Amino acid sequence: MTPELATLAPLLLPILAVCIMAWKRILRRAELQLPRSLQTSSWGFIEITITVGSYLLFTVGLLLSCRLLLGWEFDTSELDLTTRARTLYINGIAELTAVLVSTLFIAHGPLRLNPTPIGWTLSRALADIRLALLVAAAVLPVIYLVQFIVTQLPGMQYKHPFITMLLESDSPSLWIAVAVSAVVVAPIAEEYFFRALVQGWFESLLNAAIVNVRSPVTDIPCEDDATEPLIPASEEPDLGLLKYLPILLSATLFAAAHVGHGGGWVAIFVLALPLGCLYQKTRRLLPGIILHMLLNAISVGLAFIVSLNPPS
């Protein structure tokens, strides 16, 4: 058992009770019931490439600027605590800047969309917060249970670089840098990229594939040369289990991006499933960002508790 999970052991029964009550409410009120059909997004591979390219460009640009203008060194062979904290801040600034550039490109580029279709809206902030808290109470205990089971397997020990860095250091500046990066920056950037851009693109590809396969006949000739639709234009087909495919694909990519965390990628894949469902149901990023923030905040908080009482 990892030290972080061992810290939760005394709270097992209360956590389990809250989890059961949350699942009852979700199932009764269908909080995560997905729509019958998927919305088509106007962005795709070009916007994803711009986001990744912007992140790499800003990261390299900031590192070089800090080195030339401020004299900071970033020798990867000898990363002291100050350098690690600086690297985290630079990486965070680059991620958020890439998100901003990508959003502006979608809003003011060839697509000419406003940020709302992507998911950047606070129009239902209170409802989104309540939904995120409810889903967190239901899924976070399951995620930690999965993580516990997986980490018992040979070669699957959880090795998150942030947690390892924190447990090896008592530097307040590094703790602040890790907390900002993990609890604020990562949820915003990752939810935008993996849920809005990647999952939204997969949903569009699935919609296009279904339209091409079905190729429905929409009109029939009448005696008076009028046309009568066989299927009302407002009626959208129920995709059934196919609507989960974009969620599974984006969750797989999300987990693949964390393969360096030992066996943690399994729990991360499980986490990505409700995150994908939240975005597909609401088309808003705030619920997933809050859920993601909660998980990372709990992980950092548990690491802090463990650092105060390190295992012998």
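Across the stretch 57-74, coupling constants 3J(HN,Hα) worked out from phi with the 6.51/-1.76/1.60 Karplus curve, θ = phi - 60°, read 5, 5, 4, 4, x, 5, 4, 5, 5, 5, 6, 7, 8, 10, x, 6, 9, 10 Hz, and Gly and Pro carry x. Given the C-alpha centroids of the stretch 126-191 and the stretch 85-114, what is the distance between them in whole angstrom? What the calculation gives is 23 Å, centre to centre. Using θ = phi - 60° in the Karplus curve 6.51 cos²θ - 1.76 cosθ + 1.60, the 3J(HN,Hα) couplings for the stretch 99-107 round to 4, 5, 4, 5, 4, 5, 5, 5, 6 Hz; x is entered for Gly and Pro. Peptides 61-71, 168-178 ranked from most to least packed give 168-178, 61-71, packing being the mean of other C-beta atoms within 10 angstrom over each peptide's residues. Residues whose amide H lies under 5 Å from that of Tyr158, counting only those 5 or more places away or on a different chain, are Gly263; hydrogens are built 1.01 Å from N in the peptide plane.
Residue ranges 16-28, 124-136 sort as 124-136, 16-28 when ordered by packing (mean number of other C-beta atoms within 10 Å per residue, highest first). I need the calculated FRET efficiency for the pair Ser307 and Ile15, taking r as the beta carbon distance and R₀ as 25 Å, to the nearest 0.05. Once the sixth-power term is evaluated, E becomes 0.70.
Taken together, the values in this text are just the output of simple stated rules run on the coordinates, not laboratory data. Predicted model only: the values in this text are computed from it and were never measured. Every residue, glycine as well, gets a Cβ built from its backbone with ideal geometry; the counts of neighbours run over all protein chains shown.
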